[in-house]
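Report on the structure given below.
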């Protein structure tokens, strides 16, 4: 009997050792839903963010989990990413969210690119009670539905619209003629939601919207909307477009020899690296918005940019930087939860309070309100000067001087 008990004791001890080893080697998997055929940069950004968590990179220690030791509160578990392609289709995004939750049993979700896909995927996650971090989509109703499991780090569309209103109001007060604004956008949920928010904020600030110029998504000829814009002759033209549309608009404006006095490209396609590479010489002086800047040499932001560039061959862009930041916020919450239990991660996200010096983007911090929106999210305005966007507003953050009117091409 004593021999049998001894053997049982040794077996239990062995199982405990093996279980401990298994825990040490465990991974925590986050599901990432994106249109992967279009979002190669986003995939690389997420992989770079996971690398920051899992592998030491000297100089990044001030970032959440920047020591590169995995998740210390989960025994050093590594972060893994389960990618799902939503094909830029809301129904597919919803289906992929269900697969990641029900079949792959991910700890949390991040995504999903544009607002329609994000709205669908987050609704599914809410029904299943799994945390979902939105790092990029800006439609106000993503965090305006009374959901308890959805958190967003990036600014709301309304926050961005007020930034434009403040910027244009300051220019007008300084003597620049800015009375009329035209909105040019694609006819999708993405374009309609952003334009509606902009229209309300600019009208409230006293600007006259001379017209909404809508064009079909995936249009191959934009001569008609550019001609309408030229005929309306606004002081400011604001474009809400994906990359292919933004590139085609720039080419069409050159062909028709039309330049608005001030041109704003509202992130998305204008922040895409392909825009500057393809038509940067035709869009000199275009205003964009962004939260990303490389920063000083050897700063965490500069080191993160180098890490990403080694994977992608080019610098971080605004969208990829926001995605990386969102992933780091989510990973930090999982670590603070010390568990993969959804409720524990949800509670940790609610308790998030990250200061600006722990971020790679220009937010004033990360702290979520009851709706799951980061109340410290912010943005600044940049201008394409040469081959780079230079921060020009607000003045306290500017690294260059605003140049007007819109130059376009020589």
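May I ask you to verify whether residue 53 is touching a strand residue (DSSP E or B) at 6+ places or on another chain (Cβ under 8 Å), in a helix (DSSP H, G or I) and under 20 Å from residue 323 (Cβ atoms)? Walk me through it before giving the result.
On the way: touching a strand residue (DSSP E or B) at 6+ places or on another chain (Cβ under 8 Å): yes; in a helix (DSSP H, G or I): yes; under 20 Å from residue 323 (Cβ atoms): yes.
Considered against the rule, which asks whether it is touching a strand residue (DSSP E or B) at 6+ places or on another chain (Cβ under 8 Å), in a helix (DSSP H, G or I) and under 20 Å from residue 323 (Cβ atoms), residue 53 comes out as yes.
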- request: Identify the residue in region 23-40 that is surrounded by fewer than 21 Cβ atoms within 10 Å (Cβ to Cβ) and under 18 Å from residue 118 (Cβ atoms) and, among all such residues, is modelled with the highest pLDDT.
  value: 35
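For region 338-354, name all the residues that are surrounded by fewer than 18 Cβ atoms within 10 Å (Cβ to Cβ) and within 18 Å of residue 373 (Cβ to Cβ). Give the derivation first.
Initial filter on region 338-354 (surrounded by fewer than 18 Cβ atoms within 10 Å (Cβ to Cβ)): 338-339, 341, 343-344, 347, 350-351, 353.
Residues satisfying the conditions are 347, 350, 351, 353.
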message: Give me the residue from region 303-316 that is in contact with a helix residue (DSSP H, G or I) (Cβ under 6 Å, 6 or more places away or on another chain) and surrounded by fewer than 24 Cβ atoms within 10 Å (Cβ to Cβ) and, out of that set, nearest to residue 62 (Cα to Cα).
response: 307
message: If a residue must be more than 20 Å from residue 198 (Cβ to Cβ) and touching a residue at least 60 places away in the same chain (Cβ under 8 Å), how many such residues does region 266-284 contain?
response: 6
message: Which of the numbered conditions does residue 347 fail, given that it passes all the others? Conditions: (1) free of Cβ contacts under 8 Å to residues at least 60 places away in the same chain; (2) assigned to a loop (DSSP other than H, G, I, E, B).
response: (2)
message: Just to verify a result, which residue in region 374-391, among those that are within 17 Å of the chain's Cα centre (by Cα) and not in a strand (DSSP E or B), is surrounded by the fewest Cβ atoms within 10 Å (Cβ to Cβ)?
response: 375
message: Exactly one condition in (1) more than 22 Å from residue 340 (Cβ to Cβ); (2) touching a strand residue (DSSP E or B) at 6+ places or on another chain (Cβ under 8 Å); (3) modelled with pLDDT of 95 or more is false for residue 137; which is it?
response: (3)
- request: Please list, ordered by first then second residue, the pairs with beta carbon atoms under 6 Å, 6 or more apart or interchain, first in region 158-180 and under 13 Å from residue 194 (Cβ atoms), second part of a helix (DSSP H, G or I) and modelled with pLDDT under 95.
  value: 158/140; 158/197; 161/197; 161/198; 161/201
Filter result for residue 360 (crowded, with 24+ Cβ neighbours inside 10 Å, in contact with a helix residue (DSSP H, G or I) (Cβ under 6 Å, 6 or more places away or on another chain) and either over 15 Å from residue 63 (Cβ atoms) or not assigned by TED's automatic domain parsing to the domain that holds residue 55 (or both)): no
- request: Output the residues belonging to region 108-129 that are buried (at least 24 other Cβ atoms within 10 Å of the Cβ) and over 13 Å from the mean Cα position of the chain (by Cα).
  value: 108, 109, 117, 121, 122, 125
- line: Quick count over region 141-169, residues being at pLDDT below 95 and under 11 Å from residue 119 (Cβ atoms), is 5
message: Based on this model, can you work out whether residue 183 counts as within 24 Å of the chain's Cα centre (by Cα) and either closer than 30 Å to residue 370 by Cβ or at pLDDT 95 or above (or both)?
response: yes
Number of the exception - residue 218 against (1) within 20 Å of the chain's Cα centre (by Cα); (2) assigned to a loop (DSSP other than H, G, I, E, B); (3) more than 30 Å from residue 101 (Cβ to Cβ): (1)
Flag for residue 320 being modelled with pLDDT of 90 or more, in the same structural domain as residue 128 (by TED's automatic domain parsing) and either in contact with a helix residue (DSSP H, G or I) (Cβ under 7 Å, 6 or more places away or on another chain) or loosely packed, with under 15 Cβ neighbours inside 10 Å (or both): yes
message: Taking the conditions exactly as written (closer than 30 Å to residue 255 by Cβ, in contact (Cβ under 8 Å) with a residue 24 or more places away in the chain and surrounded by 17 or more Cβ atoms within 10 Å (Cβ to Cβ)), does residue 335 satisfy them or not?
response: no
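Assess whether residue 329 counts as being assigned by TED's automatic domain parsing to the domain that holds residue 74, buried (at least 20 other Cβ atoms within 10 Å of the Cβ) and in contact with a strand residue (DSSP E or B) (Cβ under 8 Å, 6 or more places away or on another chain).
On the way: assigned by TED's automatic domain parsing to the domain that holds residue 74: yes; buried (at least 20 other Cβ atoms within 10 Å of the Cβ): yes; in contact with a strand residue (DSSP E or B) (Cβ under 8 Å, 6 or more places away or on another chain): yes.
Taking the combined requirement at face value, the residue satisfies it.
Would you confirm, using the coordinates I've provided, whether residue 266 is buried (at least 24 other Cβ atoms within 10 Å of the Cβ), at pLDDT below 95, closer than 28 Å to residue 151 by Cα and in contact with a helix residue (DSSP H, G or I) (Cβ under 8 Å, 6 or more places away or on another chain)? Let's see the steps before the verdict.
Working: buried (at least 24 other Cβ atoms within 10 Å of the Cβ): yes; at pLDDT below 95: yes; closer than 28 Å to residue 151 by Cα: yes; in contact with a helix residue (DSSP H, G or I) (Cβ under 8 Å, 6 or more places away or on another chain): yes.
Yes; evaluated as a whole, the condition is true for this residue.
The values are calculated or read from the model by the stated rules, or taken from the named source; none is laboratory data. Everything numeric in this text was worked out from a predicted model, so none of it was measured. Heads up, the Cβs are rebuilt from the backbone with ideal geometry, glycines too, and the neighbour counts pull from every protein chain shown.
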